[in-house]
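This report concerns only the one structure given below.
The values are calculated or read from the model by the stated rules, or taken from the named source; none is laboratory data. A quick note: this is a predicted structure, and the numbers were derived from the prediction, not measured. Every residue, glycine among them, receives a Cβ derived from its backbone with ideal geometry; neighbour counts consider all protein chains shown. Side chains included, ligands, DNA and RNA excluded: accessible areas come from the protein's heavy atoms. Shrake-Rupley method; radii C 1.70, N 1.55, O 1.52, S 1.80 Å.
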Amino acid sequence: MTENTSLVDVLVVGAGPAGLITAYQLARFGGVSVRIIEKHVKSVQDAYGRAITLFPRTSEMLDQLGLADELLQEAFACRETVAYNARGEEVHGRGWSFMNEMTDTTFDFALVLRQKYQEEIFRGALRRYGVEVEAPVELIGVDIDDTAPSNEHSVTATVQDTEREVLKTIRCKHLIGADGGRSTVRRLLAIPFEGSTSEDKWVRIDGHVKTNLPKPRAYCAIESPTHGNVLWVGLDRGATRIGYAFTDDRANAYVEFDEQAAITEAIAAVKPFTVEFERVDWWTIYTVGQRIAKHFSINDRVFLVGDACHTHSSGAAQGMNTGIHDAVNIGWKLSLVLRGLALPSLLKTYEMERRPHVEKLIQYDADISRLMTNRLPENWQGDPNVDVNEVLGQVMDEARNFNSGLGISYEALTNNPLVSASNSLGPLKPGMKGPDIPLLRPGTFERTRLIRETPNVGCFYVVFFASGSSQRHSGASLHGIEQSNILKEYIKNRAVTYLTILPTKTPLVYQSLGRAYFDVEDKTGYERYGVDPSRGGIVVLRPDGWICALISVDADAMHELETLFEGILLNPS
């Protein structure tokens, strides 16, 4: 190996949110070496960051990764939405009103923090694990040795330190392409990027403003006849974002569209309200398109995440959220495989789980983009004279569980062991996200939450809902769980962790399986998980918080757990 050649388990290309979260997980879970490169220095990269909003499910996932608290220290927690028609009258059930229905979560608000500040937090978290973003370093070549065993460094990346003009070779077991819509990884591997780019252009401008808008610190829609469905959002640090459609007739008024032109059009877009810019922090004009990579991975050696994998407008504010969903989904799976704890076939579930949701987003976004520019969706079959703003409100409301992320679920498939075909418990079934229920700590009875007690550290959680009669195990079927040598080894390897929830408070919990907690007085936890307190039940949660399996206490629980994990994890013996 030459002086300019190095080895690493995972090389992440691109230090936006998706790349940073992927690298952070691998570093946090331990046992895996990771490097992350970015072709732009941070000051240049900041100019590309458009995203501002994290919806509840994304915030929950980041909470499991220990990142939410720091984000909340800097963010604007937006709990109010409003929509105004062209006359400046408040109208209900339109615009972003679906955000008022984001319930059944602690994060029942939009976490608004500009992308560059989020990236600073993610970089700092990564740094605490000894990993620094290497920039400016550009990927210029990728080669995959398909004949090499999966546990070898079969991917060779050629990179260039653009400041020193030095070429280096990095050999890795896996490469993550998180390098944006113009992905070099995708281009070098000739992965088709299918879809279309429209002629629509949108403008986003951030700054500090004075205005007579009645509710300036809300997620606001202004129904402009000339600039489409105008976005107005209160940002962190007292700033404001205004976004509007930039149509051809507006563009024809300018020889050059510069910052002053962006301000002039923003002033026109928010009429009949007034706005005065005291300072502009950032602005951009961009073209709207919906595209998706034909393949999310190459031979389970290279994976695409975020905009490298799919692009869409910012109309529904889903870009960064979807990228973080990608990153979280691949992060723990890759970690378990590289640590020798999970079957390599686990990696195939990344595209299997993520593609259906990305395809749904692409179609949804195409409709949203047209509606936000005062046009009906292409396949619209209703009244051609209907108010597009009413249709927009309906479309966004119908997709509210998708938009918030709280309704995203994974389908039970025969070739996906991560979503068991086991029976449902009440309203829940495998593949749905596990509700974040309130719990009480033993002794002090301090309140906590399930998500806080099941952090994403790359392991599965087996949650035992004890029966009221035994306050420990729920029936004879659980007796063998403690004696199972296979399950003991999974726990020893930190691939599985036990946790017990008790229906009523007791002074003693030491005989429980794993750490023990109490349900709150009204049995909210048992009710949400559909568990009868007199019988008990078992819930298996994936590292990312989605439900893997629901097991009845009538079953041979030990055998079911062993069989479940044998389809996911390597035999510990």
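Considering only residues that are of a type in the set (S, T, N, Q) and open to solvent by 20 Å² or more (accessible area, probe 1.4 Å), look in region 3-42 and name the one that is modelled with the lowest pLDDT.
Among residues in region 3-42 that are of a type in the set (S, T, N, Q) and open to solvent by 20 Å² or more (accessible area, probe 1.4 Å), the one modelled with the lowest pLDDT is 4.
Please work out which residue is nearest to residue 27 (Cα to Cα), limiting yourself to region 128-142 and to residues that are part of a strand (DSSP E or B) and touching a helix residue (DSSP H, G or I) at 6+ places or on another chain (Cβ under 9 Å).
Step by step, filter region 128-142, then rank; the result is 133.
In the list 448, 373, 414, 454, which residue meets the criterion of being modelled with pLDDT under 95, open to solvent by less than 50 Å² (accessible area, probe 1.4 Å) and not hydrophobic (A, V, I, L, M, F, W, C)?
Of the residues listed, the single one that is modelled with pLDDT under 95, open to solvent by less than 50 Å² (accessible area, probe 1.4 Å) and not hydrophobic (A, V, I, L, M, F, W, C) is 373.
Out of 470, 477, report the one residue that is small (Gly, Ala, Ser) and either surrounded by fewer than 15 Cβ atoms within 10 Å (Cβ to Cβ) or modelled with pLDDT of 95 or more (or both). Before the answer, list the steps.
Details: 477 fails: either surrounded by fewer than 15 Cβ atoms within 10 Å (Cβ to Cβ) or modelled with pLDDT of 95 or more (or both).
Testing whether each residue is small (Gly, Ala, Ser) and either surrounded by fewer than 15 Cβ atoms within 10 Å (Cβ to Cβ) or modelled with pLDDT of 95 or more (or both) leaves just 470.
Looking only at region 499-523, count every residue that is surrounded by 18 or more Cβ atoms within 10 Å (Cβ to Cβ) and assigned to a strand (DSSP E or B) and tell me the total.
So the count comes out to 8.
Within region 178-198, restricting attention to residues that are open to solvent by less than 70 Å² (accessible area, probe 1.4 Å) and part of a loop (DSSP other than H, G, I, E, B), which residue is farthest from residue 155 (Cα to Cα)?
By that ranking, first place goes to 181.
Residues that are among the β-branched types (Val, Ile, Thr) and either more than 30 Å from residue 202 (Cβ to Cβ) or touching a residue at least 60 places away in the same chain (Cβ under 8 Å) (or both): which helices (runs of 4 or more DSSP H) entirely in region 329-436 hold 3 or more of them?
349-371
So how many residues does region 155-177 have that are over 10 Å from residue 302 (Cβ atoms) and open to solvent by less than 10 Å² (accessible area, probe 1.4 Å)?
Residues in region 155-177 being over 10 Å from residue 302 (Cβ atoms) and open to solvent by less than 10 Å² (accessible area, probe 1.4 Å): 2 in total.
Out of the residues in region 539-557 meeting the condition of being more than 27 Å from the chain's Cα centre (by Cα) and within 22 Å of residue 414 (Cβ to Cβ), tell me which one is most open to solvent (accessible area, probe 1.4 Å).
Per the stated criteria, the residue is 556.
Does residue 10 qualify as being touching a residue at least 12 places away in the same chain (Cβ under 8 Å), more than 19 Å from the chain's Cα centre (by Cα) and over 22 Å from residue 454 (Cα atoms)?
Against the criterion (touching a residue at least 12 places away in the same chain (Cβ under 8 Å), more than 19 Å from the chain's Cα centre (by Cα) and over 22 Å from residue 454 (Cα atoms)), residue 10 qualifies.
Looking only at region 524-535, filter to residues that are open to solvent by 60 Å² or more (accessible area, probe 1.4 Å) and part of a loop (DSSP other than H, G, I, E, B); which one of those is nearest to residue 507 (Cα to Cα)?
This residue is 534.
Does residue 51 count as aliphatic (A, V, I, L, M), modelled with pLDDT under 95 and open to solvent by 50 Å² or more (accessible area, probe 1.4 Å)? Even if it seems obvious, please write down each step before you answer.
Values: aliphatic (A, V, I, L, M): yes; modelled with pLDDT under 95: yes; open to solvent by 50 Å² or more (accessible area, probe 1.4 Å): no.
No.
Anything in region 223-232 that is open to solvent by 10 Å² or more (accessible area, probe 1.4 Å) and aromatic (Phe, Trp, Tyr)? List them, or say none.
None; the set is empty.
Kindly provide the set of residues from region 265-277 that are open to solvent by 60 Å² or more (accessible area, probe 1.4 Å) and within 13 Å of residue 203 (Cα to Cα), ordered by number.
Selection gives 267 alone.
Pairs please, first residue from region 170-197 and closer than 11 Å to residue 139 by Cα, second anywhere and surrounded by fewer than 19 Cβ atoms within 10 Å (Cβ to Cβ), Cβ atoms under 6 Å, 6+ apart in sequence or on different chains.
170/6
Give the residue, chosen from 359, 351, 390, 378, that is more than 30 Å from residue 248 (Cα to Cα) and either among the hydrophobic types (A, V, I, L, M, F, W, C) or open to solvent by 10 Å² or more (accessible area, probe 1.4 Å) (or both).
None of the others qualify; the one that does is 351.
Could you give me the residue pairs with C-beta distances under 7 Å whose first residue belongs to region 207-222 and is crowded, with 24+ Cβ neighbours inside 10 Å, whose second residue is of a type in the set (Gly, Ala, Ser) and outside any loop (DSSP other than H, G, I, E, B) wherever it lies, and which are 6+ apart or on separate chains?
Qualifying pairs under 7 Å: 219/110; 221/83.
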